[in-house]
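Below is one structure, written out as structure tokens; the observations come after it.
The values are calculated or read from the model by the stated rules, or taken from the named source; none is laboratory data. Predicted model, so just to flag it, every value in this text is computed and none were measured. Here Cβ is always computed from backbone atoms with ideal geometry, including for glycine, and neighbour counts include all displayed protein chains. Heavy atoms of the whole protein, side chains included, go into the accessibility calculation; ligands, DNA and RNA do not. Shrake-Rupley method; radii C 1.70, N 1.55, O 1.52, S 1.80 Å.
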Amino acid sequence: VIGQRELRRWTSPFQVAARRRDNPPMPENTPWWRHAVVYQVYVRSFADGNGDGTGDIAGLRSRLPYLRSLGVDAIWVNPWYESPLNDGGYDVADYREIHPQFGTLEEAKLLIEDANQAGIRVLVDLVPNHTSNEHRWFEAALAAGPGSSERDRYHFLPGRGEHGELPPNDWKSVFGGPAWTKVPDDEWYLHLFDTSQPDLNWSNQDVREEFDGCPRYGRDRGAAGFRVDVPPARVKPPAYPDVGEDYDRHHELSTGAESPMWDRDGLHEIVRRWRSVLDEYDDTVMIAEAWVPSWDRLSLYLRPDEYHQAFDFHFLGSEWDPSRISSRIKQAVEKAGSVGAVPTWVLSNHDVVRHATRYALPNGIDSKHWLLDGDRSILDTDRGHRRARAAALLMLALPGSVYLYQGEELGLPEVHELPTDVLDDPVWERSGHSEKGRDGCRVPIPWSKDGSSFGFGEGGSWLPQPEWWGDYAVEAQDGIPGSTLELYRDAMRLRDEHLRDAGDLTWLDDGDAVLSFQKGDIRCMVNFGDPIGLPDGEVLLASEPSDEGRLPTDAAVWIKTA
Ligand code: NOJ
């Protein structure tokens, strides 16, 4: 728990005064997104404008000055479309309507206009792998029956067994349980995620044409680009082969083995078609959420006629270890560069345990499983907090673009204490209560130190906030030198001044426990070991106060060397 005392302790003697900035003009011919900092807004949990306990567009609009003060170039808004919200909106019932809980299409347009006025672009989510089971297409497919063209838009198959009582194959849902559900006429449909998220059949012409229209629709309403949900799942082989008992449903992350429904070569042709639609517009960006086991595979998504960006989940997944982190950075820079792209760094998002908590656990602990019933005594919150601050300075110094997840600029940890009876994530039920799910990183943001839902809104909060939440609030950190919020603000401003356009990095050798590189006139050092002395130069920013002139353990520094 952070109190004011701790915040003061983090005050760095090197701290520069907090200053608001205007987004600087980019050099000509550099696409804006190549070095952008994009802030992810999980709308449900960001700010509640109408007091119903759920975040919304009105709340987000009212907080644009905050985002501007942070200095972000763009926001990425998680799905806000019409949806039964079984998977937080990743179960879309109508891709062209906004969920009334979040607002209206008109409000979305106004948000985009206001954001643009403030120099902030808006990216929206595209969810093409599956629809909601409440989408008109799926309802029509159920009504039309076996063999119909309506069913061909999804993956409907007869079951196995004497009476078709067994699923068509042994595929498992990523969330747990079988990937097939039987409908009343005894056919089964495929859903790699929740039962309420039937997978679309991308060999079907209607599907392709419909999704050519989606980016046009978004772009015509002012969206600057699209984050694309689970691109690797798009193509399924017509033979639907079994995967075998040992198949891990978290396959895409944990193994490099071939999988019939994941990362198939055929999906790239679909991407190229999409890209040509986007290229009808200037300056549009498309980012892939591609969990694939290697950078060799990931770089295929980044070829010049495919996605502009792809999150580097290898960086996100790295333990707090200098050689592992540096080898992942080197690999990302090299592999992205081999196809003319730049890496896209990310430490947290709405699907993973927040990094302040991941770094608070010993290396080797799987944070996702620890959440449910892991030993709480191994959690070192203070250490996680220090490392998260250091990681921010590392990430913001690297070449390429950066995605921040709402609340990381406040140093928010995971709310690991959520009682199981409030969990909303379908993972909890589908995993047979063996995984707690992702709600702990989705708890509504604390804006004020106290008051109704810590300033989130007037009407409570759809997930309970812990009593210590206010210690991390914007109000508790705004203007406080050394707070995590001010650290991010300073880092973003200095990034613009010194790092953003500084080109490649050069690795330096400061010993095995230090990750050290030069980029432009800045030397970035991250210390994983005992305190070390600093080289000559002016310290512009440090994640921790100096330890008698030395860089402490789990701290990072930016030094101006020229
Ligand atoms: C990835 C999204 O980030 C996640 O939240 C969602 O549950 C799955 N895709 C399914 O759409």
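With a Förster radius of 35 Å applied to the beta-carbon distance between Arg216 and Val422, the computed FRET efficiency rounds to 0.35. Of the three principal axes defined by the Cα atoms of segment 284-346, the extents in descending order read 35, 20, 19 Å. Here the extension length gained between Lys560 and Asn116 equals 156.6 nm, from 0.36 nm per residue of separation less the Cα-Cα distance. For segment 359-439, the residue among Leu404, Leu394, His369 whose Cα projects farthest onto the positive side of the dipole built from Cβ charges is Leu394. Length gained on full extension, Asn363 to Asp248: 39.2 nm, using 0.36 nm per residue less the C-alpha separation. Computed on protein heavy atoms with a 1.4 Å probe, the accessible areas place Ser377, Ser401 in the order Ser377, Ser401, largest first. Placing +1 on the Cβ of every Lys and Arg and -1 on the Cβ of every Asp and Glu, with nothing else charged, gives the chain a dipole about its Cα centre of roughly 1440 debye. Remark: spin-label model distance Ser62-Asp283 equals 3.0 nm, labels positioned 7 Å along the Cα→Cβ axis. In this Cβ point-charge picture (+1 for Lys and Arg, -1 for Asp and Glu), segment 189-331 has a dipole of about 320 debye about its Cα centre. Here's how it looks for Arg160: its modeled amide H is under 5 Å from those of Leu166, which are all 5 or more places away or on a different chain. Annotation: amide H-H contacts under 5 Å for Glu97 (H modelled 1.01 Å from N, sequence separation of 5 or more, or interchain): Glu82. Note on segment 85-158: with charges restricted to the Cβ of Lys and Arg (+1) and Asp and Glu (-1), its dipole about the Cα centre is near 240 debye. Considering the dipole of the chain built from charges on the beta carbon (Lys and Arg +1, Asp and Glu -1) around the Cα centre, which of Trp137, Tyr247, Leu126 is farthest to its positive end? So the residue furthest toward the plus end is Leu126. Solvent-accessible area of Ile445, probe 1.4 Å, all protein chains present, reported in Å² to the nearest ten, please. The value for Ile445 is about 0 Å². With an 8 Å Cα cut-off and a minimum separation of 6 or more residues, compute the relative contact order for the chain in percent. So the answer I get is 16 percent. Using just its DSSP H runs of length 4 or more, each adding -39500 (n - 2.57), the chain gives a mean residue ellipticity at 222 nm of -7500 deg cm²/dmol after division by all residues.
Of the residues Ser516, Trp291, Pro464, the one whose Cα sits farthest towards the positive end of the charge dipole of the chain is Ser516 (charges of +1 on Lys and Arg Cβ, -1 on Asp and Glu Cβ, taken about the Cα centre). On full extension of the chain, what length is gained from Leu508 through Lys182, given 0.36 nm per residue of separation minus the C-alpha to C-alpha distance? Working it through step by step, the gained length comes to 111.5 nm. Computed from label points 7 Å out along Cα-Cβ, the spacing between Arg272 and Thr381 is 5.3 nm. Computed 3J(HN,Hα) for segment 298-307, one whole-Hz value per residue from the Karplus formula 6.51 cos²θ - 1.76 cosθ + 1.60 where θ = phi - 60°, is 4, 5, 4, 6, 9, 4, x, 9, 10, 6, glycine and proline marked x. Rounded to whole numbers, the Karplus 3J(HN,Hα) couplings from phi for segment 349-360 are 7, 7, 10, 10, 5, 4, 5, 4, 8, 4, 6, 7 Hz, using 6.51 cos²θ - 1.76 cosθ + 1.60 with θ = phi - 60°, and x at Gly and Pro. The heavy atoms of Asp212 offer some 20 square angstrom of accessible surface to a 1.4 angstrom probe.
Taking the DSSP beta bridges with both ends in the chain, the antiparallel portion is around 55 percent. Phe456 sits with roughly 0 Å² accessible to a 1.4 Å probe, with DNA, RNA and ligands left out of the calculation. Measuring between alpha carbons in the structure, the pairs from Lys519/Lys560; Lys335/Lys368; Lys236/Lys436; Lys172/Lys236; Lys330/Lys519; Lys182/Lys236 lying more than 21 angstrom apart are Lys335/Lys368; Lys236/Lys436.
Distant-in-sequence amide contacts of Leu200, defined by a placed amide H-H separation under 5 Å and a gap of 5 or more residues or a different chain, comprise His130, Thr131.
What the phi angles of segment 191-208 give under the Karplus curve with 6.51, -1.76 and 1.60, with θ = phi - 60°, is a coupling list of 9, 6, 10, 6, 3, 7, 10, x, 6, 7, 9, 7, 8, 7, 5, 4, 4, 4 Hz, glycine and proline written as x.
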